[in-house]
Structures are given as structure tokens and as C-alpha cells.
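This report refers to the structure that appears directly beneath it.
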Amino acid sequence: MSLVGIDLGGTKLAAVRIREGEIVARARIPNTSRVDGLVDCARAGIESVWDVDVAAVGVGVAGLVSWPEGVFAWGPHVAGIGIPLRAALETRLGVPVVVDNDANTALHAEMVEGAGVGSSELVMVTVGTGIGGAIAFNGTVRRGRSFAGEFGHIAVTGDGEPCACGRRGCWETEASGPALSRLASLGGIVDTAPEAVVAAAAAGDEAAEHALTRVGEALGRGVISLVLSLDPEVVIVGGGLGSIGDPLLEPARAVVDADLPGRPNRTAPPIVAARFGDEGGAIGAAMLAGIRLQEDQR
């Protein structure tokens, strides 16, 4: 028996197949779906790692997902509104399916086997095309009425850059892959794809280093608000950009250490990279599929 998990983000889809706790297949495909293509895109990702012994499927999606119904309500980076993704995939695949927000699935993986093991009060921040988030209290992912954790759309500046959500000055306009690309362009860098900027910074390009530091500092300023609101034991940073680790996280830590109100009379929580990197959403989705399968078999 194996489990499939996918993480359907704004620009790409990551898929894994897990058997007995080990990843036995993985794939990445671009997310080019339009409004009417989300189900087909998810199915393509699932089929990229499918095998005859798959018993259940988990899906993490970047956006608002009604829990536990698995309806994709809306997302600024993923096309579609009100799509009954769980029901559609169960009909097409013939196996149990669970659908959740991708930051929630990533946090689940990190709590069970990753950077959050041993902690019960956690915050997850996923940094990629946008910023996603998830919260755990007492060792349980908290979804509110379904949509908790949309940290990326907390306003940090009143007249900032336009955001994909339709407003201006959201946190993700300053601390995300597109923010890094924009800053790199202002610095005269030709190839502004986030992965190219990260590589250039690692090679010592000063303009790329500056852009990455600016994004890390913006990440830290947002983390301060999360710490003040939620007081977690640990802040885990994942996602495509967040998973690069110290080049992004060191500037964030420096900002938190310098500017967290109450310092030095309180300690800042550790800000750590996700153990599972940008595969965490897919791995956690597969884990949640396993839980669903166990519940169905009782």
C-alpha cells in the first residue's frame, strides 16, 4: 500500500508517493491550469507518481480550502473559485482523498517528522510565489473556520506594491519570490528568476546578496507580528524560497532579535528552515491521506 501527496502551488506542482514511510517516487510539473483546469492539473500531478497500490491521496493547495469538505474556495495564485476538488478527485480516482491548504499540510509533516518535532505551539511560514501560513496549538493544526493562517495578506504598508489579492502593501509583496525578482531587477540583475538570484547571491554577486537580504529582513518584520500575536515555540520557514535556509533566515533572525518588543526581557523563538524543504506540503498531504484511510477503515 502506498500514499500519494501533492502540493499545488502558484507556479508548480510537487508530487510524492510514499510507501512504509519512505518516498518511492517524486515528480514536479508546472501549474499552468486556468479557472476550469484545477482538477485536471491536480490529477496530472497525482498520475505522475501513481502506482496500482495507491490507497489514498492527499492534496495541499495554495489558497483558501474549506475543511474537511476539500472545496477550493479561492486563491490569488491558483486559478479557480468554489471547486469541489476532493469530491471530483475521489470520483475520478476511486480512492479516498483529503484536500487542505498547502501550508497546513506542510506544518503537519514538520510536526510529525520534521523541524517541529518536540514542540506543540508552532507557526509555519511558506515563502514562494506568495506567503502562506499555518498555526498549531497544543500539537494540532488550527484552521479556524477553515481559512486561518493567511499571513501573506496581512497589510504591512498602506501604499506598498500591488498584491495578487487585489490590495496593496501585503506582506508577500515584500517577502516572496516575486519580491526578490523585483528587487533584483532594480539592482540591475538580468536573470531575475528567484532561483537565479539565489544562485547569484551564493556566488558572491553583491546586488543579488543585497536583494536577498532585503527580502529576509522583510520576512523578519512580518515574523515579529506573528510572534507578538501567537508566541510560538518555533517558527518554521518552508516553501520554494523559504527552504534555502540561512541566506534568507539570517537577515530575518537579525531583525527579530533587534526589534522584537520586550527584548531582552523575552526570548525570540528560533526561526528554522523546514526539514522537508519545498516537498513538505506534498509529504504532509500524503500523511493526512494515511490518517483519512485509517479513519475510513475503522
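The residues packed around Arg43, meaning those with a beta-carbon under 13 Å from its beta-carbon, carry a net charge of -1 if Lys and Arg are +1 and Asp and Glu are -1. Largest accessible area first, the residues Phe276, Phe72, Phe137 order themselves as Phe137, Phe276, Phe72 under a 1.4 Å probe with ligands, DNA and RNA left out.
What you get for the chain, charging only the Cβ of Lys and Arg (+1) and of Asp and Glu (-1), is a dipole of about 600 debye around the Cα centre.
Considering only Gly277, Gly133, Gly169, the Gaussian network model of the chain with Cα springs below 10 Å gives its largest mean-square fluctuation to Gly169. Protection proxy ranking of 280-288, 172-180, by the mean of other Cβ atoms within 10 Å over each peptide's residues and highest first, is 280-288, 172-180. Net charge of the neighbourhood of Arg26, taken over other residues with C-beta under 15 Å away and scored Lys/Arg +1, Asp/Glu -1, is -2. Ranking Gly245, Pro232, Phe276 by Cα position along the charge dipole of segment 230-298, where only Lys, Arg, Asp and Glu carry charges on their C-beta atoms, puts Pro232 farthest toward the positive end. Between Glu22 and Leu228, the modelled label-to-label distance comes to 4.9 nm, taking each label 7 Å out from Cα in the direction of the beta carbon.
Here mean projected area of the Cα convex hull in nm² was calculated from the structure, and among [x] 15.5; [y] 17.4; [z] 14.6 it sits at label [x].
Legend: calculated FRET efficiency, Asp246 to Glu47, from the Cβ-Cβ distance at R0 = 25 Å, rounded to 0.05, equals 0.10. Put a plus charge on the Cβ of each Lys and Arg, a minus charge on the Cβ of each Asp and Glu, and nothing anywhere else: the dipole of segment 118-248 about its Cα centre is then about 580 debye. Element breakdown for the chain at a 1.4 angstrom probe: carbon and sulfur atoms account for 51% of the accessible area.
Each label was represented as a point 7 Å from its Cα along the Cα-to-Cβ direction; for Ala258 and Phe137 these points are 3.3 nm apart. Note on Val156 and Arg92: the model spin-label points, each 7 Å out from Cα along the C-beta direction, lie 3.6 nm apart. Could you tell me the calculated FRET efficiency between Val117 and His210, based on Cβ-Cβ distance and R0 = 35 angstrom, to the nearest 0.05? With a Förster radius of 35 Å, E is 0.50. With unit charges on the beta carbon (Lys/Arg positive, Asp/Glu negative), name the residue among Pro178, Ile23, Thr157 whose Cα is farthest towards the positive pole of the charge dipole of the chain. The residue sitting most towards the positive pole is Thr157. Comparing Arg19, Arg182, Arg263 in a Gaussian network model of the chain where C-alpha atoms under 10 Å apart are linked, the largest mean-square fluctuation is found at Arg263. Protection proxy ranking, highest mean first, for peptides 145-157, 99-111, 216-228: 99-111, 216-228, 145-157, where packing is the per-residue count of other beta-carbon atoms within 10 Å, averaged. Note on Ser48: accessible area approximately 50 square angstrom, rounded to 10, probe 1.4 Å, nucleic acids and ligands left out. Comparing Cα centroids, segment 251-298 and segment 73-112 end up 19 angstrom apart. Rolling a 1.4 Å probe over the protein heavy atoms leaves Glu295 with an accessible area of roughly 100 Å². Taking a ≥ b ≥ c as the square roots of the Cα gyration tensor eigenvalues, segment 157-231 comes out oblate, since a/c reaches at least 1.5 and a/b does not exceed b/c.
Per residue, the chain reaches -11500 deg cm²/dmol at 222 nm when only DSSP H runs of four or more residues are counted, each adding -39500 (n - 2.57).
The values are calculated or read from the model by the stated rules, or taken from the named source; none is laboratory data. Just so it is clear, the structure is predicted and the values come from calculations on it, not from any experiment. We place every Cβ from the backbone using ideal geometry, glycine too, and count neighbours over all the protein chains shown. Keep in mind that these areas ignore ligands, DNA and RNA; they rest on the heavy atoms of the full protein, side chains included. Shrake-Rupley method; radii C 1.70, N 1.55, O 1.52, S 1.80 Å.
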